[in-house]
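Undergrad: Just dropping this structure here.
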Amino acid sequence: MVTKTPIAILISGRGSNMLALMEACARPDFPAKIVLVLSNKADAAGLDTARKAGIKTLCIPHKDYGKGREAHERAIDEAVRASGAELICLAGYMRVLTPWLVQQWQGRMINIHPSLLPAFPGLHTHEAALKAGAKEHGCTIHLVTDGVDEGPILAQARVPVLPHDDADALAARVLEQEHRLYPETLKHFITQRHT
């Protein structure tokens with residue numbers, strides 16, 4: 001019997017990586033279970049997806065806190081701890097976190113980023129890769145640290161940049177790899193933590 005580590009997933013949108021993690025967590029041999037899906041946006045489509053699957057969801061809108069980023073994150077931290085989660089997976093959570101939250105979850109917060117870090121941190125990575133004439137592109141899973149997209153890399157997947165690619169075509173190919181890599185890496189990360 002596999003022990004399932006409770007995880008919380010933070011999203012801001014449709015949650016396609018969240019769905020890949022949900023499918024993995026539904027398998028009896030996968031060492032994680034999702035105890036909370038939390039979003040900073042009430043209209044995040046991923047909240048409905050999680051709700052329909054019977055997963056606890058919560059929205060803590062950042063707009064309610066004005067410029068109080070840390071106050072917003074303290075509310076998130078409280079909700080995640082109350083859920084019993086031991087790890088946080090960021091899956092398209094479109095907020096830069098303050099050092100306060102990062103430090104609360106140091107070594108226990110994972111992010112997926114659509115580029116081969118350290119290349120193209122931040123937003124619009126597919127456009128940036130094309131503009132730079134990159135021959136390959138991909139995605140990175142890393143631990144979250146104070147610097148944006150700077151944490152220790154856990155895994156990467158690569159795709160070739162094809163001559164006819166536009167940002168959408170490239171993004172779609174990278175997303176396929178994201179959906180494969182995130183569950184695999186999470187499984188490996190949890191297994192390593194418990195050995």
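Undergrad: Does Gly66 fit the bill of being free of Cβ contacts under 8 Å to residues at least 24 places away in the same chain and surrounded by fewer than 16 Cβ atoms within 10 Å (Cβ to Cβ)?
TA: yes
Undergrad: While we're looking at this one, here's another question. Taking Lys135 as meeting all but one of (1) among the basic types (Lys, Arg); (2) over 19 Å from Met18 (Cα atoms); (3) in contact with a Phe, Trp or Tyr (Cβ under 8 Å, 6 or more places away or on another chain), write down the number of the exception.
TA: (3)
Undergrad: Of His137, His188, which residue is over 15 Å from the mean Cα position of the chain (by Cα), farther than 21 Å from Met94 by Cβ and in contact (Cβ under 8 Å) with a residue 12 or more places away in the chain?
TA: One residue alone meets the criteria, His188.
Undergrad: So His72 fits all but one of (1) buried (at least 18 other Cβ atoms within 10 Å of the Cβ); (2) in contact (Cβ under 8 Å) with a residue 40 or more places away in the chain; (3) more than 14 Å from the chain's Cα centre (by Cα); (4) closer than 25 Å to Pro6 by Cα; what number is the exception?
TA: All conditions are met except number (2).
Undergrad: Moving to a separate point now. Output the residue which, of all residues in segment 5-19 that are buried (at least 21 other Cβ atoms within 10 Å of the Cβ) and among the aliphatic types (A, V, I, L, M), is nearest to Gln177 (Cα to Cα).
TA: Per the stated criteria, the residue is Met18.
Undergrad: Another question, then. If Ala26 satisfies every condition in (1) exposed (fewer than 15 other Cβ atoms within 10 Å of the Cβ); (2) closer than 26 Å to Thr98 by Cα but one, which is the exception?
TA: All conditions are met except number (2).
Quick note: the coordinates plus some simple rules give every number you see, no bench work behind them. Given the structure is predicted, the values throughout are model-derived calculations rather than measurements. Note that we place each Cβ from the backbone using ideal geometry, even for glycine, and neighbour counts take in every protein chain shown.
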